[in-house]
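Asker: If you scroll down you'll find the structure; I have some questions about it.
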Amino acid sequence: MCCVRPNMDRFTFIDENANLGPAMRYEEIELRILLLCGSDLLESFCIPGLWKDSDMEVIVGDFGIVVVPRDGADTERIMNHSSVLRKHKDNIIMVKDDVNHPMSIVSSTKSRLALQHGDGHVVEYLNQPVIDYILQTQLYITASG
């Protein structure tokens, strides 16, 4: 099984740094896990047979997605192409399409391909400790990795 539905019981995180005074009151914060992806990954949800509908239901319906636009992709068209994406459109958050936004240049797909081919341009958006970790653990060594 690829995706597992989250336990529906709510877990509460008590923020001990949210002390509001001598009464020692704490603020309850609801945590939510979302998939952060580029519009290229979102578009892959529309490729027949690539994703199981049940997995897409869990990812988009139970959790949600934050989408970073890539290369002028038409995210509205992508979302309208999939019944699951249309059904859960309220669980999809689009990052403002701004070429100056720092997230618009970061792409795991492009980083993986660049590292596989020895392209040094990844230093423009990945910091050295991340690059060192990728190289030390030999992530992305194979074309399928």
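Only the coordinates and a few stated rules stand behind these numbers; no lab work does. Small disclaimer: the values here were computed from a predicted structure and weren't measured. Ideal geometry is used to build each Cβ from the backbone, glycine not excepted, and the neighbour counts take in all protein chains shown.
Asker: Non-local amide H neighbours of residue 36 (under 5 Å, H modeled in plane, Pro and chain starts lacking H): which ones?
Answerer: The list, which skips near neighbours in sequence, is 66.
Asker: Ranked from highest to lowest mean number of other Cβ atoms within 10 Å per residue, what is the order of the peptides 75-82, 117-124?
Answerer: Answer by packing, highest mean first, reads 75-82, 117-124.
Asker: Shifting gears a bit: Considering the dipole of region 26-66 built from charges on the beta carbon (Lys and Arg +1, Asp and Glu -1) around the Cα centre, which of 47, 37, 63 is farthest to its positive end?
Answerer: The one lying farthest along the dipole's positive direction is 47.
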